[in-house]
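The values are calculated or read from the model by the stated rules, or taken from the named source; none is laboratory data. Fair warning: this is a prediction, and the values are worked out from it, not measured in the lab. Cβ atoms come from the backbone with ideal geometry, glycine included; neighbour counts cover every protein chain shown. Protein only, heavy atoms only, side chains kept; ligands, DNA and RNA dropped before computing areas. Shrake-Rupley method; radii C 1.70, N 1.55, O 1.52, S 1.80 Å.
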Amino acid sequence: MTSLLIAWLAFPLILAVLSLGCGLLLDAIGGVPGPLVLPAGFALIVVALEFATTWSATASLATPLVVALAVAGFALSARRRPGRIDPYALAAAVAVFAAYAAPVVLAGEATFAGYIKLDDTATWLGLTDRLFDHGHSLAGLPPSSYSAVLHDDLPQGYPVGSFLPLGVGHALLGEDGAWLFQPYLAFLGALLSLALYSLASPLLRSRTLRAVAVFVAAQPALLYGYALWGGVKEMAAAALLATVAGLLAPFLGSEASIRPAVPVAVASAAVLAALSFGGLVWLAPIVLAGLALIGLAHGPRAAVRRAIVYAGFVAVLAVPIFAGGLTFISQVSGPSDLTRKGVLGNLIHPLSKLQLFGIWPVGDFRLSPARLDVTYVLIAAVLVAALFGVYVAWRKRAVELLVYVAGLVLSCLVLLALASPWVSAKALATASPAPLLLGISGAAAAFELGRRVEAVLFAGAIAGGVLWSSALAYHDVRLAPRAQLAELAQIDERFKGEGPTLLNEYSPYGARHFLRDMDAESPSERRVRPIPLRNGELLPPGRSADLDDFQLGAILVYRTLVLRRAPAASRPPSVYRLVWAGRFYDVWQRAEPAAATIVEHLPLGGRYEPAAVPSCRELERVATLAGRGGMLAVVPRPLVTKVELSAVPYPAQLQRAGEDRRVVYLRARTSFDVEARVPGSGRYGVWLGGSFPGRLGLSVDGRLLATRRHELNWPGQYAQMGTVELSKGLHRLTVAYGGPDLHPGSGGEPPYGAGPIVLSRVPSDLAVTYVSPARARSLCGRSLDWIEAVRS
């Protein structure tokens, strides 16, 4: 509960206070409309952090710099008459924050969304860690997955501005950035709502209607979906672009002073910090339209003067961004993943352009809604209401709103024509608040003009479509396993500096972030050293293999092994000893220098079975390799009981063509029984492989053993359901799956199937036994994990 309060209360409040102070500073310099004080202040935070983290010498000053700017803003505002807080704007921001928070907060623990769907968040966390400690310097980094990620991105000028405020939260609260990530995205949603509230002000006189309209417009389906799989750049860009448009008002209204150009230049520089030179595509229509309006109102010379002032301020504020951006552009010039039409990234197919309009009622935005007919009707309602919104906005001279909508839609269309489907999807998400704001505001304006029946019908359809979309995304969210990842952080703290480390599972968050101080690498992750299998091949991304499946020399490179607990996992080679055991992971280390040399390592068992009975001939062969003065090292180990689910009579709702029938894809409420025969009496651990999003109960012989919820695992990983005393013979196992319910993440498609069920003896003693080569035949007929020939 404490971590939940720190992440979802303390961090947003601290970030809001810092943004307020920095916004007040900008207000004192150039004037900032009330609702935009927080978004403008946030933009200043991004720009300040971009400067501070560019160089290693100033990286440690990043957080103090932001605090100093905020204090200066509060000090200056104390001398001036403070503006009145708009409670309606504040209420809209809090409501939007709650909407983005719900999928995580209602799960009851501080974690983040998008687990397994997309691992980019692991990279953002790794980059933020490094920037706040060493800036862009990569000096002194030993080989690891963490260093591989940094070398891939930082020297290439990858835009990092949207990640940086996370580091401030970590510095001030001491909480890992992973647990602050989702609150940060919700905070960006709140900033977006404040900017939209300001833009809608000329159109809607009623602050109540304005707040309701903004609550709907700030959570378009596609942007909300991106927030639930780590779309920090899309969220930041959406909020900052709306802020730029809102800050045009003081920029347009002042003819003599250059000071109103400062806030809009800061917000523009923040957009560039988040998107690099790609931000120019979004800024150009908004800024050029603003300059054109200045030209119409004050003459061409005034527009040119204002353009020079604006460009000068942006050039100064974006110095580190331009330096890195030139490198980034040079890396992607010509055909690249940004422009190739075949690049889908994590998409299944290119997204529908209709997702620009904010309604897409499906749990995973990459899929099509089940009711496309209803979806089309709801999108048509947005379009009709938006056209009326344009008419009313033109009559009421809501210039900033029209510039914002036209600018974002135009930029989006340009990117749709030129960019890859992956980048086009990001463009659709970033622009989607604009047409939705115009549509819902148009319906609200009709209400104010007395067309209440039509207004209620259109507003109800739009709001209903948006909330329906959000509810389905909430239902299908994929939340990271906090306890498991927190255990990795605990291991990193305990064994800091005791690398290099092998994390033998596919865990981007573990390798890139949580074990960064142990120089960790993962066989199927980004890495520096190759970790080949025994057949010489490398594991494809997203896959795991048993330690015995890898070449021995590739394993012995690592001083420390962090192994996911599993019933069929092989014991590490004999030179390693267990130094720490947790709920999810065991840590093994070898002495330096090693006390013995492994001449031969003969694995036994298989994918689901950690042990096997070797032939006497194999034992004698390995004994010969040990030679005089050598020893045989073996690990006696009982066989496990595996229950594949292929024999389960599949209910119709679980079937799908082409699926692996050895596992069950749990989608709907169901229960089934399987039988397991154990070879002897004793205490057994019961393990379930794979994933299940909803609540699952496992019973043994009619007695409930355990219930678990939202277990998400990559292939080859297991959840330990508990331990139970069993007699020799046949036992009945009952799996009862509750299906979708009100809990976040309980619906949708499971990423992988559930199964098999494995029963293993407890305790499973993995001690190494040493036998003289002359006594090799004494091991005949025994079940062993592996055999080694070792020499001192």
Unpartnered cysteines of the chain (Cβ-Cβ under 4.7 Å counts as a partner)?
-> CYS22, CYS412
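Using a cut-off of 13 Å between beta-carbons, work out the net charge of the residues near THR734 (Lys and Arg +1, Asp and Glu -1, THR734 not included).
Numbers: positive: ARG703, ARG732; negative: ASP673, GLU675, ASP701.
My count for the surroundings of THR734 gives -1.
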SER615 to LEU288: extension gain in nm, 0.36 nm per residue of separation minus the Cα-Cα distance?
-> 109.7 nm
Most to least packed among 392-405, 36-49 [average Cβ atoms within 10 Å] | 36-49, 392-405
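Please compute the net charge surrounding VAL613, taking Lys and Arg as +1 and Asp and Glu as -1 over other residues with Cβ under 14 Å from its Cβ.
In short, +1.
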Give me the distance in nm between label points sitting 7 Å out from Cα along the Cα-to-Cβ direction at LEU347 and ALA736, one decimal.
-> 4.4 nm
Return the label of the correct value of P(r) over Cα pairs in 10 Å bins from 0, in percent, as calculated from the structure shown, out of (i) 3, 13, 21, 23, 17, 12, 7, 3, 1, 0, 0; (ii) 2, 11, 17, 17, 13, 12, 11, 9, 5, 2, 1, 0, 0; (iii) 2, 13, 23, 26, 19, 10, 4, 2, 0, 0, 0.
-> (i)
Antiparallel bridge percentage (DSSP; both residues within the stretch 472-622; nearest 5) | 70 percent
Given the chain, what percent of its DSSP beta bridges are antiparallel, to the nearest 5?
-> 95 percent
With the Cα gyration tensor of the stretch 355-456 giving a ≥ b ≥ c as the square roots of its eigenvalues, does the rule (a/c under 1.5 for rounded; else a/b larger than b/c for prolate; else oblate) give rounded, prolate or oblate?
-> oblate
Computed for the chain: size of charge dipole around the Cα centre, +1 on C-beta of each Lys and Arg, -1 on C-beta of each Asp and Glu, debye to nearest 20, value 760 debye
Rounded to whole Å, √(5λ) for the Cα gyration tensor eigenvalues of the stretch 1-158, largest first, gives 31, 24, 12
How much of VAL17 can a 1.4 Å solvent probe reach, expressed as accessible area in Å² and rounded to 10?
-> 80 Å²
How would you rank 370-376, 619-625, 714-720, highest first, on the average number of other Cβ atoms within 10 Å across their residues?
-> 714-720, 619-625, 370-376
Would you work out if the stretch 545-629 is rounded, prolate or oblate? Take a ≥ b ≥ c from the square roots of the eigenvalues of the alpha-carbon gyration tensor; rounded if a/c is under 1.5, else prolate when a/b is larger than b/c, oblate otherwise.
-> oblate
Which residues qualify? For VAL579, with a placed amide H closer than 5 Å and at least 5 residues away or on another chain, they are VAL587, TRP588, GLN589
Rank these residues by their accessible area, most exposed first, probe 1.4 Å: ARG452, ARG761, ARG628.
-> ARG628, ARG452, ARG761
The chain - percent relative contact order, Cα under 8 Å, separation 6 or more = 13 percent
Using a 1.4 Å probe, how large is the accessible area of ILE14, given in Å² and rounded to the nearest 10?
-> 50 Å²
Excluding ligands and nucleic acids, what accessible area in Å² is computed for LYS353 using a 1.4 Å probe, to the nearest 10?
-> 130 Å²
Computed, not fitted: 222 nm per-residue ellipticity of the chain from DSSP H runs ≥ 4 (each -39500 (n - 2.57)), nearest 500, equal to -15000 deg cm²/dmol
Violating pairs (Cα-Cα greater than 19 angstrom) within the set LYS117/LYS233; LYS117/LYS496; LYS353/LYS426 = LYS117/LYS496
Any DSSP H helix in the chain with Cα axial reach of 24 Å or more and mean Kyte-Doolittle score of at least -0.5? Listed by number, the hits are 11-30, 62-78, 87-105, 177-200, 279-298, 300-317, 372-395, 399-418, 452-475
